[in-house]
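Chemist: Let me give you the structure first, and then I'll get to my questions.
The values are calculated or read from the model by the stated rules, or taken from the named source; none is laboratory data. Note that this is a predicted model, so its numbers are computed, not measured. Backbone-built Cβ (ideal geometry, glycine too); neighbour counts: all protein chains shown. To get the accessible areas, we keep the full protein, side chains included, count just its heavy atoms, and leave off ligands, DNA and RNA. Shrake-Rupley method; radii C 1.70, N 1.55, O 1.52, S 1.80 Å.
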Amino acid sequence: MAKISFSEKLKNLLGGKKNFSEDFFEDLTDALIEGDLGAKNAVEIVDNLESFCKKEKKFSPEEITVELKNILMKFLKPVSIEPSNGKVNIFMVLGVNGVGKTTTVAKMAKLYSEKNVNVIMAAADTFRAAAVDQLSMHGEKLKLRVVKHQMGSDPSAVVFDAADACKANNGGLVIADTAGRLHNKENLVNELKKIDRICASKADEGCYKKILVIDATTGQNAVRQAEVFNDAVGIDAVVLTKYDSTAKGGALVSIGKDLNIPVLFVCTGEKYENIKSFDPKKYLDDFVGTE
Ligand SMILES: Nc1nc2c(ncn2[C@@H]2O[C@H](COP(=O)(O)OP(=O)(O)OP(=O)(O)O)[C@@H](O)[C@H]2O)c(=O)[nH]1
Ligand SMILES: [Mg+2]
């Protein structure tokens, strides 16, 4: 059976005859937890909502919906990142295996190249044989350059070469795909730290961004992933993928609230066009519902 979304649950709760009792707020907390907000945040958000309702004597379904959105809105930060003209810009794209990194690299490459940015993709996932081929295929389709080395080679060296190529072009944007899995987590983190150092040294001042890809279908796990990557290298923005699934990406609230990381794009499918700038209002209309 398909999972009932948070907005449907909220609608049912607001339509119930509970008169917004303790039960109502408890059920709302449970619904938020199931919506991937995490227990701590769900309790805190509902506490705030309950205090507001009692203080302002606002208990209508519309008033509750509006205030819940107001509370959640504070934690959702959209960001847009534009490469600097004539500079060496590097975006390192990170995330655990299978979240959609390579697909997102290609989508972003298309998006920025359409803004007349000279984009080079760097195949810095050298761990898996198919990874380089996958990015090369995107490069051919999009008619964009892919800098690659052999499988198993040093990913930092790939980024190094891509940055040199970018500089030789009088600047542009290198978007680096990275491995989501190595032999173990420690290896992955060490490798990323090494690539991070190279990117920081090769990009012009303020032109290096670390972008974490998270998958809407992984629920609260995405928050844990964000913590790990943020601790390892520091994350500038997240991209939410697979938002075309039934999962509504409630983890974005925790990532904004607990880690203060903004959201760059939301992806809604496998096609190049299925990428949009993050619009928190639209996101909340979808997550919470319209009043
Ligand atoms: N429905 C949907 N599928 C997506 C989206 N983004 C990526 N995918 C699919 O998810 C699968 C994994 O995508 P990849 O881009 O290969 O993911 P990755 O993170 O690079 O994976 P690894 O390199 O194995 O770590 C592919 O089948 C993609 O087509 C999205 O927004 N929606
Ligand atoms: Mg990949």
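Chemist: Does residue 219 fit the bill of being under 19 Å from residue 103 (Cα atoms) and within 16 Å of ligand 1 (Cβ to nearest atom)?
Modeler: It is false that residue 219 is under 19 Å from residue 103 (Cα atoms) and within 16 Å of ligand 1 (Cβ to nearest atom).
Chemist: Every residue in region 173-188 that is modelled with pLDDT of 80 or more and open to solvent by 30 Å² or more (accessible area, probe 1.4 Å), please.
Modeler: 186, 187
Chemist: Out of the residues in region 109-128 that are within 16 Å of ligand 1 (Cβ to nearest atom) and under 18 Å from residue 199 (Cα atoms), state the one that is surrounded by the fewest Cβ atoms within 10 Å (Cβ to Cβ).
Modeler: This residue is 126.
Chemist: May I pose another question? Limited to region 169-189, what total is found for residues that are within 22 Å of the chain's Cα centre (by Cα) and either within 13 Å of ligand 2 (Cβ to nearest atom) or over 16 Å from residue 142 (Cβ atoms) (or both)?
Modeler: So the count comes out to 11.
Chemist: If a residue has to be touching a strand residue (DSSP E or B) at 6+ places or on another chain (Cβ under 8 Å) and at positive phi to count, how many in region 189-237 make the cut?
Modeler: The total comes to 1.
Chemist: Keeping to region 200-215, report how many residues are under 23 Å from residue 259 (Cα atoms) and in a helix (DSSP H, G or I).
Modeler: Number satisfying all stated conditions: 1.
Chemist: Under the condition of being farther than 14 Å from residue 120 by Cβ and within 14 Å of ligand 2 (Cβ to nearest atom), which residue from region 131-159 is surrounded by the most Cβ atoms within 10 Å (Cβ to Cβ)?
Modeler: Going through the qualifying residues, I end up with 155.
Chemist: Please go through region 54-104 and give me each residue that is in a strand (DSSP E or B) and over 21 Å from the mean Cα position of the chain (by Cα), ordered by number.
Modeler: 88
Chemist: Further, regarding this structure: Take the residues in region 98-108 that are over 12 Å from residue 173 (Cα atoms) and crowded, with 18+ Cβ neighbours inside 10 Å; name whichever of them is farthest from ligand 2 (Cβ to nearest atom).
Modeler: The qualifying residue farthest from ligand 2 (Cβ to nearest atom) is 107.
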